[in-house]
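Step one of this worksheet: look at the structure below.
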Amino acid sequence: MDILPRRMFSKVLVANRGEIAIRVMRTLEELGVVSVAVYSEPDRDAPHVQRADEAYLLGGGPAAESYLNVDKIIEVAKQAGAEAIHPGYGFLAENAAFVRACDDAGIVFIGPPADAIDAMGSKTKARELMKAAGVPIVPGTTDPVDTVEDARKIIDDSIGYPVAIKAAGGGGGKGFRVALEEKELEGAFEGAAREGEKFFSDATVYIERYLPDPRHVEVQVLADRSGNTVHLFERDCSVQRRHQKLIEESPAPAVSPELREQIGRIGIDAAKAVGYYSAGTIEGLLQGDEYFFLEMNTRVQVEHCVTEMVTGIDIVREQLKIAAGEDLQFGQDDIQLRGHAIECRINAETAATNFAPAPGQITHYVEPSGPGVRVDSGAREGYEVLPLYDPMIAKLIVWDSDREASTRRMIRALSEYEIGGLTTLIPFHTALMDTDQWRAGETCRDLVEDKDWLKAVATPLAELADDDEPDKVERDYAVEVSGRRFDVKVIGEAFAGGGAPAPANGAAPPKRKERKKAAGGGADQISSPLQGNMWKVVVAKGDDVEEGQLLCIIEAMKMENEITAHKAGTIAELPITEGEPIKAGDPIATITSAAAAEV
Ligand code: MV4
């Protein structure tokens, strides 16, 4: 079968950066389509710019000046002669106004129609539409709830505690609060409304029954403009922290063949109910064997790759063909699920310090390869991970015959992955893949939130060193004893000026002990894990605090992020001010413990 539709585009602009921009360009090249990159000033030499056939500057580093700059992107598309724009994920991917701007400019938006984005963008509207279409939603309200008093009455009359209060404009965990009992309701309601108002200019909230231990299971759908709609089975994305997915897999370990068919049907019904075309994902919660619609993501997702591995379908290619006006060339019965795929997100983050972003320059970079291994990366040696953008720098995806084999393959591939110069989640993933919880197909929620486990397993040895010690270097040498080769590691102090002898026969370069960036300072100091704005400071210098006590709240990533004390003690320093911007790694407080304070 010919992979080219009758009227494939000749040139497409990719309005994104990093790994997803490169992912899209690869498919463009296979389809014989010229790719146009756009970039911000600090991204001038970024890998996605070099991967493209042509590239155009948008503006300054902040996304509002570049990757979110609708007028400029449309202008560049016209200037370059691109007939279509692929938005990737994030940035403008689910922005209905951008889709309409493309429509008005006569440029094809490679994604769903603006009305479908609008319908799914309002979570209350989406719940109402899904309910009417016979799609099971999490029990709760479909109409907005205006006041805490109304909420109290509705919960008492029908839902019962515990409840989740969610912002209608939110999604993906933004504007999401839980009230386990009535006395928590007011705080949860006001928190969700405030976040909705602040980040989405919409204080509307709705109420769902809070499910105690659900799995995150989502369905990939593909639909063409003629209404042919298929599903590509499900993904399980239950391993998350702060509502960011860390690991995804397909098929979902907790889904039986019967449930798979039922969930797939739900995905198709949901897509049809909003006149959907292109690729989309129905996110839901699986509690036992009950499946509930949560929301629809009207874009290609980060984790689409695991579905590509188990179905053999290039989802981005299908998006392009659908956008070019071609009907799907296969039906539901042609799509087969084969083997098992797992994806680990490779973020520049320190798992041990609550997944604090760890931007910096990549000094050494070697990707894994071999059978069943795929790396979708936006990084390379010399590349600087900027605090301005998402810390996800690459994805490692593996495929094998079943979940157990796939897990072994992931551990092997992770061990081949060498990234020097900054901290990544590689040690975290390696440790997690080797737990009984993961092997048993559990959600691993307790592990991801267990500070002691995270510290123990996911901290590179170098970081455990006392900061006052002189820097040490590790060097790998090969020695031959009676003709047999041995690898030895020599650890010693660095020479001033770094003039150490070169390692033997191309062995790995020296691994310098790295100092923590995000959580810098001594053990008493806590630093900001995020770049954002200091919204509230709830302690004062001289206060005694318990471990885990709230110190301040930072507005970042369209959420209020609570920063808590990493240890008990007295606040000796508090160099933060309400209303001021704060960068990742900036000090928040110095907490001296009782024993230390007495000295
Ligand atoms: C929920 C929930 C329990 N009950 N909604 C929403 C956004 C997504 N990131 C997770 N969300 C949840 N919504 C109700 N009514 C629990 C979660 C949740 C979760 C669900 C499955 C697997 C992991 C999770 C981690 C945190 C929160």
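Since every read-out is calculated from the coordinates, none of them should be taken as a lab result. Fair warning: this is a prediction, and the values are worked out from it, not measured in the lab. Cβ: placed from backbone, ideal geometry, glycine included. Neighbour counts: every protein chain shown.
As an exercise, take the mean of 1/r over every pair of distinct alpha carbons in region 68-118, invert it, and state the Kirkwood radius in angstroms.
Evaluated over region 68-118, this radius sits at 10.8 Å.
Can you give the FRET efficiency for A456 and V488, using 1/(1 + (r/R0)^6), R0 = 25 Å, r = Cβ-Cβ distance, to the nearest 0.05?
E between A456 and V488, to the nearest 0.05, is 0.40.
Between the DSSP loop rule and a limit of at most 12 other Cβ atoms within 10 Å, which trypsin sites (Lys or Arg not before Pro) in region 541-578 are left?
Answer by residue number: K541.
Using a Förster distance of 22 Å, how high is the FRET efficiency between A64 and D115, based on the Cβ-Cβ distance and rounded to 0.05?
Efficiency for this residue pair is about 0.30.
Report, in whole Å, the centroid distance computed from the Cα atoms of region 108-174 and region 574-588.
35
For the chain, what does the helix formula give at 222 nm: sum of -39500 (n - 2.57) over DSSP H segments with n ≥ 4, over the residue count, nearest 500 deg cm²/dmol?
About -7500 deg cm²/dmol.
I'd like the FRET efficiency for R338 and D434, computed as 1/(1 + (r/R0)^6) with the beta carbon distance as r and R0 of 25 Å, rounded to 0.05.
For R0 = 25 Å, the calculated efficiency reads 0.45.
Just subtract the alpha-carbon distance of E474 and Q549 from 0.36 nm times their residue separation and send over the number in nm, one decimal.
Taking 0.36 nm per residue and subtracting the Cα distance, the gain is 23.1 nm.
Packing-wise, with mean Cβ within 10 Å as the measure, how do 133-144, 436-447 rank, highest first?
133-144, 436-447
Considering amide H positions built from the backbone, and no H for Pro or chain starts, which residues 5 or more places from V205, or on another chain, come under 5 Å of its amide H?
When sequence neighbours closer than 5 places are left aside, the close amide H contacts are V145, A168.
Within 10 Å of each candidate Cβ there may be at most 16 other Cβ atoms; applying that plus a DSSP loop requirement, which GluC sites (Glu not before Pro) in region 255-333 survive?
Passing sites in region 255-333 do not exist.
Tell me which of Q79, G60, P42 sits at the most positive position along the dipole axis of region 1-99, charges placed on C-beta atoms (Lys, Arg +1; Asp, Glu -1).
It is Q79, whose Cα lies furthest towards the positive end.
What whole-number value in cubic angstrom gives the convex hull volume per residue for the C-alpha atoms of the chain?
180
How large is Rg/Rh for region 108-151, to two decimals, with Cα atoms and a Kirkwood Rh?
1.11
If the only charges are +1 at each Lys and Arg Cβ and -1 at each Asp and Glu Cβ, what is the size of the charge dipole of the chain around the Cα centre, to the nearest 20 debye?
For this selection, approximately 1320 debye.
Which three extents, in whole angstrom, do the alpha-carbon atoms of region 57-156 cover along their principal axes, largest first?
Ordered largest first, region 57-156 gives principal extents of 58, 30, 20 Å.
Where the Cα atoms of region 262-322 are projected onto their three principal axes, how long is each span, largest first, in whole Å?
Result, largest extent first: 35, 26, 18 Å.
As I understand it, the dipole of the chain uses +1 on the Cβ of Lys and Arg and -1 on the Cβ of Asp and Glu, about the Cα centre. Which of G187, M559, T435 lies farthest toward its positive end?
The residue sitting most towards the positive pole is T435.
Which helices of the chain meet both criteria: a Cα extent of 18 Å or more along the helical axis and a mean Kyte-Doolittle score no lower than -0.5, with helices taken as whole DSSP H segments?
18-30, 185-200, 257-273
Run the Debye formula on the Cα coordinates of region 524-599, all scatterers equal and no solvent, and tell me log10 I(q)/I(0) at q = 0.11, 0.17, 0.22 1/Å.
Summing over Cα pairs of region 524-599 leads to -0.25, -0.57, -0.90.
Note down, for region 1-106, the three equivalent ellipsoid semi-axes (square root of 5 times each alpha carbon gyration tensor eigenvalue), biggest first, whole angstrom.
Each semi-axis is √(5λ); the values are 21, 17, 12 Å.
Quick one: length gained pulling R265 to A133 fully straight, 0.36 nm per residue minus the C-alpha distance?
46.3 nm
Tell me which of N16, C305, S369 sits at the most positive position along the dipole axis of the chain, charges placed on C-beta atoms (Lys, Arg +1; Asp, Glu -1).
Going by the charge dipole, the pick is S369.
Before anything else, pin down the relative contact order of the chain: Cα pairs under 8 Å, at least 6 apart, normalised by residue count, whole percent.
The value is 10 percent.
What is the magnitude of the charge dipole of region 143-199 about its Cα centre, with +1 placed on the Cβ of each Lys and Arg, -1 on the Cβ of each Asp and Glu, and no other charges, expressed in debye to the nearest 20?
My answer is approximately 340 debye.
Place a +1 charge on the Cβ of each Lys and Arg in region 286-390 and a -1 charge on the Cβ of each Asp and Glu, then give the dipole magnitude about the Cα centre in debye, rounded to the nearest 20.
Dipole of region 286-390, to the nearest 20 debye: 320 debye.
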